[in-house]
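A short write-up of the structure that comes next.
The values are calculated or read from the model by the stated rules, or taken from the named source; none is laboratory data. Remember, it's a predicted structure, so these values are computed and weren't measured experimentally. Ideal geometry is used to build each Cβ from the backbone, glycine not excepted, and the neighbour counts take in all protein chains shown.
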Amino acid sequence: MSVVNARLKERATQTTAAVAAEASMFRRPSEWRIFWEAFSQDRLALAAAALIGFVCLAAALAPVLSPYDPTVGDNSLRLAPLGTAGHVLGLDGQGRDILSRLLWGGRVSLAIALLPVAVASLISVFLGLVAGFFGGKVDMLIMRTLDVFFAFPAVLLAVAIAGVLGPGMLNVMLSITIVLIPYISRVAYMATVTVKNELFVDQARVSGARPRQILFHHILPNTLSPVIVYGSTLVGIMIVLGAGLSFLGLGITPPKPDWGIMCADGRNFLLVAPHVSAVPGVMLILVAMSFNIVGDGLRDALDPKLRR
Amino acid sequence: MGEALLEVDDLHTHFHLKNKVVRAVNGVSFSVRRGEIVGIAGESGAGKSVACLSILRLVPYPGRIERGRILLTGQDLLRKSERQMRELRGQTVSMVFEDPLNSLDPAFRVGDLISEALILHKALSKREARRKASDLLRLVGIPDPEGRLDNYAHELSGGMQQRVMIAIALSCDPALLIADNPTTALDVTIQIQILDLVKQLRDRLGMGVLWITHDLGVVAKLCDRVVIMYAGEVMEQGDVYGVLKRPRHPYTRRLIDALPKLGRPEQRLMPIEGRPPDPANLPAGCPFAPRCYKARPECEAHDVPLMGAGDGRAVRCLFPED
């Protein structure tokens, strides 16, 4: 690689300026590489991303990794503490292996939090962009409709939607998506309105750019960072909301695990066996925090102005 | 000086607010020929910028071009569809704004910003556009143009940013370049460099330039002709030397008197008393009359026409200086 560069440099200095220009076309590192260099300098974000990757991988491989059936308990070992032989993370109130439940529960909790946030963000960015950019009647129609959703407390709305749709993981994800859209849309909308009035948008107009081009080329990239940061903070909250819905019998049904249900299950033994709640609780906090940190890191690495 | 490139005739642009109409541009007429640099000078709020945005048909809501005629290379711009206007913008007429940093999209590299219009209007490939972009950077005097292509705007100095803006504006060889106060954000030495650059480019490329400024010093240094605007009207126009050396309109004269002069430190500056009229509530007759040292009752009685004086000069005054 460096040999090639040296060759190119040598050729460039020896021959004409045209060749120098040609060589410089190869000097540009790819966007991905620049992003990675910026992101990997943020050690904390890198560690958080690694943790998320690890947890996701472990959850995905739960059928292989899980040492026991997460739904079948061994009553002789009820509430056994951390480090019990064969059960590193102990057992819960029904004698089920907590590590196995953590792995299987992660599949549910991560899916319930990540997918709705991702889908809702996509829809919201589109809605916010269109409403903010075109303004007037379009703005009124979209934003006032979303305002109606703000009239209900988010959790209540999620419960209502999930209740109408009936229990099941897919329905919970759908209801969380619907609940999230008004919130993320607001953030995307505000960002769009701010960016829309920037001079560089006028500059694009003066250059004869089409509205579509202005919207997706110039406005969209500049509205993403608040959405990324906001979305990443939502992931943790949504794990908890999903757990809440399951607790009410609207999400997945027992004895299947999810981190929220595991926390709830342990509440009766908090004084006798705190680890039953604490292990999934710590997982929840770690994952939620990691998403926040990664969100901040992404924003910094994606914004050319914030790169070192 | 070549044939007429831009002709603005009796342009009226008004902003319709809830309960009033702001008459920002009121019957403005001027022209720019090929290879000519025309300055539009006046106080803030005189309607200079709105007049230029009207040429591009980009007057922000709730503004509207009420009447008038704008001919650019013989085409009537007010009869064009929005689609046809988009074709013209950036290609036949382009514009440079006052604030270069905020006019350059922070999410784009300089090279991609310049390439954008080239790909849009000239249907160049990315590679061709990139090569042309580096040629343009060289044209506007940026050292190591190939290296700068991958910089973001905020990594460049103010003068460099303004050069990039000019490079973008020139990318599709426009016949007319409109510059709205492009040097106000720059310090004086950089300002001079930019002015020299624009003059050079005019000589090389032969485009017409419409330069908006409130700095008569810039007008004197750069322009061939000047249009003095006040309260949305043209007060005086003519060749720069004549207008600045022997102003005919009292307003022009007071503008020049208000400038500090080198070598005469003892002389007090002469501010123009009063303030410009509210454009939502313009007085009858000459808008400058309330502040004019020569005003007589007939000035405020009825509108004063812009009167030609033969030598290319025109003055909107009943009692011009000789």
### Message
On the basis of being modelled with pLDDT of 90 or more, at negative phi and under 25 Å from the mean Cα position of the chain (by Cα), does A:Ala60 make the cut?
### Response
yes
## Note on the structure
Pairing a residue in the stretch B:133-152 that is facing chain A (nearest Cβ under 10 Å) with any residue that is in a strand (DSSP E or B), where Cβ atoms lie under 8 Å and the two sit 6 or more apart in sequence or on different chains, gives B:Leu149/B:Arg109; B:Asp150/B:Arg109; B:Asn151/B:Arg109; B:Tyr152/B:Arg109
### Query
Could you say which residue among B:Asp224, B:Asp173, B:Asp196, B:Asp203 is over 16 Å from B:Arg34 (Cβ atoms) and among the acidic types (Asp, Glu)?
B:Asp196
### Condition met for B:Arg253 (crowded, with 16+ Cβ neighbours inside 10 Å, farther than 24 Å from B:Leu177 by Cα and of a type in the set (Lys, Arg))
yes
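Which residue, of B:Ser103, B:Ser125, is surrounded by fewer than 20 Cβ atoms within 10 Å (Cβ to Cβ), among the polar types (S, T, N, Q) and either within 30 Å of A:Ile34 (Cα to Cα) or within 7 Å of another protein chain (Cβ to nearest Cβ) (or both)?
Working: B:Ser103 fails: surrounded by fewer than 20 Cβ atoms within 10 Å (Cβ to Cβ).
After ruling out the rest, the residue left standing is B:Ser125.
Looking at the stretch A:260-274, which of its residues are assigned to a helix (DSSP H, G or I) and of a type outside the set (Phe, Trp, Tyr)? Steps first, answer last, please.
Step one: of the stretch A:260-274, the residues assigned to a helix (DSSP H, G or I) are A:260-269.
Residues satisfying the conditions are A:Gly260, A:Ile261, A:Met262, A:Cys263, A:Ala264, A:Asp265, A:Gly266, A:Arg267, A:Asn268.
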### Query
Scanning the stretch B:134-184 for residues that are surrounded by fewer than 18 Cβ atoms within 10 Å (Cβ to Cβ) and under 19 Å from the mean Cα position of the chain (by Cα), which turns out farthest from B:Val218 (Cα to Cα)?
B:Asp173
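For (1) in the same structural domain as B:Glu36 (by TED's automatic domain parsing); (2) of a type outside the set (Asp, Glu); (3) free of Cβ contacts under 8 Å to residues at least 24 places away in the same chain, each residue gets a yes or a no:
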site: B:Glu233; (1), (2), (3): yes, no, no
site: B:Asp239; (1), (2), (3): yes, no, no
site: B:Arg246; (1), (2), (3): yes, yes, no
site: B:Pro279; (1), (2), (3): yes, yes, no
site: B:Cys286; (1), (2), (3): yes, yes, no
site: B:Ala289; (1), (2), (3): yes, yes, yes
site: B:Glu298; (1), (2), (3): yes, no, yes
site: B:Gly308; (1), (2), (3): yes, yes, yes
